[in-house]
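Written below as structure tokens is the structure these notes are about.
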Amino acid sequence: MPARLLILFAHPGLQKSRVHRVLMNAAAALAGVTFHDLCERYPDFYIDVKAEQALLLEHDAIIFQHPFYWYSAPAIVKEWQDQVLQYGFAYGQGGTALRGKITLSVLSTGGSEESYRADTADHFTVRRLLAPFEQTARHCGMDYLAPCVFHGADGLDDAGLAAIVNEYVRLITALRDGTLNRAAARNCERLNADLSRIISNGAAA
Ligand SMILES: Cc1cc2nc3c(=O)[nH]c(=O)nc-3n(C[C@H](O)[C@H](O)[C@H](O)COP(=O)(O)O)c2cc1C
């Protein structure tokens, strides 16, 4: 059975987007993927908690997709976490709804890959900066995978955009079809740094 994928998308400046615009068009063409635009659905930030929890229950893998904003996510993602990941649903007594589900982030950054290192401008890798996402996932019993990060997003030409769409489609398809090597995907820094190693022909471990 293919996994049911839920993409929780947030881009407050979508009208100016190049990267996520092409990624959302690619996602729309993939079977078995629910693309849920949080900014479009909740322009006033009033999250429908029951509807969001129902969506989570219907899917096997939860993907946060957004541009990197101030080393984290756009504000609506935090609001979504604060409202939806309730005690008794996501954690605590009886809070087992998300247990065992895969989760990961798909991000674009203005900064280059080289700048996201200890000795350079941004000081931390994106994976380290996402520690609150990783620990939130663990707290909810989820299977946290390394992020897929598209660096240098503002400077991509058409060939660069086509290359990231290709990586994105390979990754989403492998997640859906269970051909991602989950052990490798849990332990690397950035999923799309070496997709050939992380995607196998067999079933996910
Ligand atoms: C409010 C804001 C905050 C941003 N913060 C960061 C940041 O912390 N690190 C970074 O590398 N890029 C940052 N950027 C750049 C965006 O991540 C980049 O423009 C975006 O990923 C490009 O994707 P798009 O073409 O879909 O808009 C920021 C942009 C905005 C508007």
Selected residue [away from the ligand (no atom under 13 Å from the Cβ) and either under 30 Å from Gly155 (Cα atoms) or not aromatic (Phe, Trp, Tyr) (or both)] from Gln15, Gln83
Gln83
For the range 23-68, the count of residues that are outside any helix (DSSP H, G or I), farther than 27 Å from Met1 by Cβ and without any contact (Cβ under 8 Å) to a residue 40 or more places away in the chain equals 7
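Please state which one of Ser105, Ser112 is within 16 Å of the ligand (Cβ to nearest atom), under 20 Å from Val149 (Cβ atoms), touching a helix residue (DSSP H, G or I) at 6+ places or on another chain (Cβ under 8 Å) and of a type in the set (Ser, Thr, Tyr). Walk me through it before giving the result.
Numbers: Ser112 fails: touching a helix residue (DSSP H, G or I) at 6+ places or on another chain (Cβ under 8 Å).
Testing whether each residue is within 16 Å of the ligand (Cβ to nearest atom), under 20 Å from Val149 (Cβ atoms), touching a helix residue (DSSP H, G or I) at 6+ places or on another chain (Cβ under 8 Å) and of a type in the set (Ser, Thr, Tyr) leaves just Ser105.
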Is it the case that the range 120-133 has a residue that's at pLDDT below 95, among the β-branched types (Val, Ile, Thr) and either within 16 Å of the ligand (Cβ to nearest atom) or more than 26 Å from Leu175 (Cβ to Cβ) (or both)?
yes
When every residue in the range 123-157 that is crowded, with 20+ Cβ neighbours inside 10 Å and in a loop (DSSP other than H, G, I, E, B) is compared, the one nearest to the chain's Cα centre (by Cα) is Pro147
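Could you identify the single residue in Asp60, Asp44 that is farther than 30 Å from Asp122 by Cα, buried (at least 17 other Cβ atoms within 10 Å of the Cβ) and at pLDDT 95 or above? Lay out the reasoning, then the answer.
Details: Asp44 fails: buried (at least 17 other Cβ atoms within 10 Å of the Cβ).
Every option except Asp60 fails the conditions.
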Which one of these does Gly160 not meet: (1) within 18 Å of the chain's Cα centre (by Cα); (2) of a type outside the set (A, V, I, L, M); (3) in a helix (DSSP H, G or I); (4) within 18 Å of Leu191 (Cα to Cα)?
(1)
In the range 69-106, residues that are touching a Gly at 6+ places or on another chain (Cβ under 7 Å) and free of Cβ contacts under 8 Å to residues at least 24 places away in the same chain total 3
Let me confirm something: among Phe68, Phe9, which residue is in contact with a His (Cβ under 9 Å, 6 or more places away or on another chain), modelled with pLDDT of 95 or more and surrounded by 14 or more Cβ atoms within 10 Å (Cβ to Cβ)?
Phe9
Quick check on my filter: what residues within the range 154-170 are touching a residue at least 24 places away in the same chain (Cβ under 8 Å) and more than 15 Å from Asn25 (Cα to Cα)?
Asp154, Leu156
Which listed residue is under 24 Å from Ala183 (Cα atoms) and among the acidic types (Asp, Glu), from Glu79, Glu113, Glu52:
Glu113
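The values are calculated or read from the model by the stated rules, or taken from the named source; none is laboratory data. These figures come from a predicted structure and were not determined experimentally. Glycine gets a Cβ as well: all are built from the backbone with ideal geometry, and neighbour counts include every protein chain shown.
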